[in-house]
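Comments concern the structure below.
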Amino acid sequence: MSAICVIGTGYVGLVTGVCFADMGNTVHCLDINQERIINLQKGIMPIYEPGLEELVERNVAANRLFFTTDYSEALHNAEFAFIAVGTPSGVDGEADLSYVRDAAEKIAEVIDHPIIIVNKSTVPVGTGDWVADIIRKKRGKNTLEYYVVSNPEFLREGSAIHDFMQPDRVVLGSVHQKAAEAVAALYQPLRAPTLITDLRTAEMIKYASNAFLATRISFINEIANICDELGADVREVAQGMGLDKRIGHAFLDAGLGWGGSCFPKDVKALAHMAVLHGTHPQLLQAVMDINRNQRRRVVMKLRNLVGGSLVDKTIGILGLSFKPNTDDIREAPALEIIHLLRNEGGHVRAYDPQAMENTSKAIPELQLCTNPYEVAQDADGLILVTEWNEFKQLDFKRIYSIMRTPVLIDGRNQWDSQAMRKLGFTYFGIGQGNHVQAAE
Ligand code: UDX
């Protein structure tokens, strides 16, 4: 069993630390945010992630998992220091690496024994070498035996623990084969295919994977918009495409586009790196444009359906988080849609099972409701933005009877269009051939 320090207790750091502890290692999770650490010590989670709280409780009780703000304590016996701090977007889309730099400098300051530094934060290609440089410079003559390994994460919010424990692959990059193998040994109990490569290639695998998944979604959203005009149904198109083993079914759900903490930031950062190095990332630009347009399209559609203007119309939003099973609203389509609706003079109210607290911090003046029916009461239109389970089987008869104008925009293709139309709703889904159907 190993002694591990994980720096950063966001999604990635916390899940990584807790899961390694659950595999029998001794893990110190460190964060510079004191309030967060005090809460974690009390068992209060900073994020909503299914299964996380129980796992923290179990491993704290077993004396394998510790939370601290003190680098000396966290790194005291550590054989591995995982860097899992945030890398927010800078003004031009470049990743802001100041937290990574701080973590590297602290490691250089505190450590007095050999250490393997594992970078889990998503960082621009070349950052691994930069981290090694920071440590070398900081130590000067007082040399340290250290090795840098890149180990990108592929965790999805909402199923992060499952994704950690049952990964499709473990990617490791280093110039030191032995160091990469030592990190591979930590993951060995998971029996996942493991790829060991060089630092820059490992860093690129992360960006390319996220950009590819975002591309698939933007691709199917573009097909959806064409389906609308031609009278085809994108859900069946995706099904038919996915049956081809070369294509597969994953990430072909048309909707309001991708959000969250990774795709938007990573696609932007990859495009920025490309431009910086003199290449023209046309596809990535289109992928981002299509994503932005998906949100605008539903607002335009709603405007048309309620008579050409949203001024003084009451619009209900179901779902605020960027996807179900998380309270994360970073780059959530709901935020952009609410902004657009309000810009056009609409009154917006919303409900979400988990993300209302975060939303009220971001948009304090937004009217929040306690349930979907309160959202629908006297509304001129209802937009399903996030496909939480509890929105799948609502009492639509009741909703029909309480709305002022029964217009439903199903931004995630969750509801049965025929049943909705039969109840009397004006229904618009994504890529369901709506324009042709409406004209017929
Ligand atoms: C993603 C990656 O999946 C993960 O590997 C990476 O490490 C972090 O980023 P996450 O952001 O948690 O994970 O969400 P994910 O489930 O991948 O969904 C991303 C976005 O795409 C969501 O906004 C979701 O609604 C949207 N999406 C996903 C679609 O619109 N259609 C799909 O078919 C799939």
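What follows draws every value from the coordinates through simple rules; no lab data is involved. All figures in this text were calculated on a predicted structure; none of them were measured in a lab. Quick reminder, even Gly has a Cβ in these numbers, built from the backbone with ideal geometry, and neighbours come from all protein chains shown.
Of note:
- Euclidean distance of C-alpha centroids, the stretch 5-39 and the stretch 282-297, integer Å: 35
- Dipole check for the chain: with +1 at the C-beta of Lys and Arg, -1 at the C-beta of Asp and Glu, and the Cα centre as origin, the magnitude is about 460 Debye.
- F164 sits among other residues whose Cβ lies under 13 Å from its own Cβ, and their net charge, with Lys and Arg +1 and Asp and Glu -1, is -3.
- Helix 98-110 vs. the chain, principal-axis angle (Cα, 0 to 90°, nearest 10): 20
- Note on the chain: dipole from Cβ charges, positive end direction compared against V110, G8, P152; the farthest Cα belongs to P152.
- Only Lys, Arg, Asp and Glu carry charge here, each on its Cβ (+1 for the first two, -1 for the last two); on that basis the stretch 1-160 has a dipole of about 340 debye about its Cα centre.
- Packing rank of 220-228, 34-42, where each peptide gets the mean count of other beta carbons within 10 Å, highest leading: 220-228, 34-42
- FRET efficiency, 1/(1 + (r/R0)^6) with R0 35 Å, evaluated for L276 and K392 via beta carbons: 0.20
- Given their separation in residues at 0.36 nm each and the Cα-Cα distance between them, T201 and E365 gain 54.5 nm when the chain is fully extended.
- The residue among C227, M403, T359 whose Cα reaches farthest toward the positive pole of the charge dipole of the chain, with charges on the beta-carbon of Lys, Arg, Asp and Glu, is C227.
- Simple spin-label estimate for H176 and V91 in nanometres, 7 Å along Cα-Cβ: 3.8
- Helix 177-187 axis versus longest C-alpha principal axis of the chain: approximately 60°, rounded to the nearest ten.
- Distance in nm between pseudo-label sites at Q239 and W130 (7 Å out along the Cβ direction from Cα): 4.7
- Each listed q (0.20 Å⁻¹) maps to a log10 I(q)/I(0) for the stretch 145-279, found by the Debye formula over equal Cα scatterers with no solvent: -1.22.
- Charges were assigned to the Cβ only: +1 to each Lys and Arg, -1 to each Asp and Glu. The resulting dipole of the stretch 212-439 about its Cα centre is roughly 200 debye.
- Averaged over residues, the count of other Cβ atoms within 10 Å places the peptides 52-61, 322-331 in the sequence 322-331, 52-61, highest first.
- Partners for K268 among lysines (Cα-Cα distance below 26 Å; same-chain residues under 8 apart left out): K120, K206, K323, K361
- 222 nm mean residue ellipticity, helices alone, for the chain (DSSP H n ≥ 4; -39,500 (n - 2.57); rounded to 500): -14000 deg cm²/dmol
- Förster radius 22 Å - calculated FRET efficiency between K138 and A185 (Cβ-Cβ, nearest 0.05): 0.20
- Taking every alpha-carbon pair under 8 Å whose residues sit at least 6 apart, the chain reaches a relative contact order of 12 percent.
- Peptides 131-144, 257-270 ranked from most to least packed give 257-270, 131-144, packing being the mean of other C-beta atoms within 10 angstrom over each peptide's residues.
- Between helix 282-305 and the chain: long-axis angle, C-alpha atoms, 0 to 90°, nearest 10: 30
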